[in-house]
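Presented below is the structure to which this report refers.
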Amino acid sequence: MLSRRLWAVGALFLALTMSAGAAPKKSDKTPPSKPSKEDVNDLSMEVAALQTIHQLKLDKAQLEALGKLAREITPHAQEREAAKVSDKYRKALLAVRDALTANDDARIEGRSTALDELRTKESPEVEEGVELTAAARIKAGEVLALLKSQQIASYLGAQEDDDLAGPADRLSAAFEESRKKSGEEWDEARDAAAEAVGWLVAGLDADASAKMADQAKTLLESGHLLSEADFKAQRKELDTAAGKLAGDLSSMEVLRRVVEHGLAELLSNPRLGAAVEARLKTMK
């Protein structure tokens, strides 16, 4: 399994961790509350937080530290468009949440599979995206330093292969997508790839990653606008440009930034506090 293959990687990777910068000022935050029956957006974000916690295999002390940090920096929930989902989908989401809260691997696997199948079938409309906050960018390194090598390997092992790809490989894959997609579908794929390239190359520096993402987006769009014949003729040049944009980022640094970005997303999740609280209640 991928998690076993990355066990040694995790041990080496932990040695690369560095302490974070100065902590942001403490501010008053709205205490976490249980999602209402109608608020599927909150429920979905809480499930996402619980999934990351499960992948990291956090112990009680780590969870308590994460909960304390969540109370200090977790952002207020923002108004979002009401989710459009079936009652069946909402119940499936709740089932996954309960399984993750109980840390029951068998139930997690079965119910997550059922939810994924239902998501594919129904295409629910849920606003569950999380925007990285300045505080989360600062504190992600601090959380990373709390993790054991086994936990880092567990997290990496739970990711899809494509999510562990370096910036050059992501650009190459996006070039291929540019030949198959158009309109809004291409715009979304292009922007997602460019954003990933941005934080992979520039790390959690918001300004630097945004500038790098803009450059990646421009490069990808230039390839998309080519005719099929011109694209084939210029493919080598496009890949060369992608390599220059990606720089000489090592594989170990790619893995580090994947984990850091995942932790920053976790810390930016408005439902993190509720997720930690729910998980702690089931721990002995």
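Only the coordinates and a few stated rules stand behind these numbers; no lab work does. Not measured: the values here are computed from a predicted model. For neighbour counting, all protein chains shown are included, and Cβ atoms are generated from backbone atoms with ideal geometry for every residue, glycine included.
Any idea what the relative contact order of the range 38-147 is, in percent, if you count C-alpha pairs under 8 Å spaced at least 6 apart?
Result for the range 38-147 is 41 percent.
Suppose the chain between Leu280 and Thr218 were pulled fully straight at 0.36 nm per residue; how much longer would it get relative to their current alpha carbon spacing?
Length gained, Leu280 through Thr218: 17.8 nm.
What angle, in degrees between 0 and 90 and rounded to the nearest 10, separates the Cα long axis of helix 87-102 from the longest principal axis of the Cα atoms of the chain?
70
What does the highest-first list of 187-200, 102-115 look like by mean Cβ count within 10 Å?
187-200, 102-115
With a 10 Å cut-off between alpha carbons and a GNM built on the chain, which of Lys88, Lys148, Lys57 moves the most?
For the chain, modelled as a Gaussian network with Cα springs under 10 Å, the answer is Lys88.
Please build a GNM for the chain, connecting alpha carbons under 10 Å apart, and tell me which residue among Lys139, Lys236, Lys68 fluctuates the most.
Lys236
How far, in nm, would the chain grow between Thr113 and Ala210 when pulled straight, counting 0.36 nm per residue and subtracting the alpha carbon separation?
Gain on extension, Thr113 to Ala210, equals 31.5 nm.
Could you list Ile152, Ile53, Ile138 so that the one with the fewest beta carbons within 10 Å of its beta carbon is first and the one with the most is last?
Starting with the residue having the fewest Cβ neighbours, the order is Ile138, Ile53, Ile152.
I need the calculated FRET efficiency for the pair Glu131 and Lys84, taking r as the beta carbon distance and R₀ as 25 Å, to the nearest 0.05.
The value I calculate is 0.70.
Which of Ala174, Ala70, Ala241 ends up with the largest GNM mean-square fluctuation for the chain, with Cα atoms connected below 10 Å?
Largest GNM mean-square fluctuation: Ala241.
How big is the Rg/Rh ratio for the range 136-241, C-alpha atoms only, Rh by Kirkwood, two decimals?
Result for the range 136-241 is an Rg/Rh of 1.06.
Determine ³J(HN,Hα), in whole Hz, for all residues of the range 166-181 in sequence, where each value follows from phi through the Karplus function 6.51 cos²θ - 1.76 cosθ + 1.60 and θ = phi - 60°; x replaces Gly and Pro.
Once θ is set to phi - 60°, the couplings for the range 166-181 become x, x, 5, 5, 5, 5, 4, 5, 5, 4, 5, 5, 5, 8, 10, 10 Hz.
Can you give me the distance in nm between label points at Asp163 and Glu237, each placed 7 Å from the Cα along the Cα-to-Cβ direction?
My value for the distance between the label points is 3.7 nm.
Normalising by the residue count of the chain, find the relative contact order in percent from Cα pairs under 8 Å and 6+ residues apart.
Rounded, it is 34 percent for the chain.
Using only Cα atoms, find the angle between the long axis of helix 105-122 and the longest principal axis of the chain, and express it within 0 to 90 degrees, rounded to the nearest 10.
With rounding to tens, the tilt is 50 degrees.
Classify the range 65-178 from the C-alpha gyration tensor, please: rounded if a/c falls under 1.5, else prolate or oblate depending on whether a/b exceeds b/c.
Here the range 65-178 falls in the rounded category.
If you line up the long axis of helix 134-146 against the longest principal axis of the chain, both from Cα atoms, how many degrees apart are they, to the nearest 10?
It is inclined by approximately 70 degrees.
Which of rounded, prolate, oblate describes the range 158-217, given a ≥ b ≥ c as roots of the alpha-carbon gyration tensor eigenvalues and a/c under 1.5 marking rounded, otherwise prolate only if a/b is larger than b/c?
Since a/c reaches 1.5 but b/c is at least a/b, the shape of the range 158-217 is classed as oblate.
Using the Karplus curve 6.51 cos²θ - 1.76 cosθ + 1.60 with θ = phi - 60°, work out ³J(HN,Hα) for each residue of the range 190-202 in order, rounded to whole Hz, and write x for Gly and Pro.
Per residue, the Karplus-derived 3J(HN,Hα) values read 4, 5, 5, 5, 5, 4, 5, 4, x, 7, 5, 7, 9 Hz.
Taking a 32 Å limit on the Cα-Cα distance, which of the listed pairs Lys148/Lys181; Lys60/Lys91; Lys88/Lys217 fall beyond it?
Violating the 32 Å limit, Cα to Cα: Lys148/Lys181; Lys88/Lys217.
So if each residue of separation counts as 0.36 nm, and I subtract the Cα-Cα distance between Ala229 and Glu184, what length gain in nm does that give?
My answer for the length gained is 13.9 nm.
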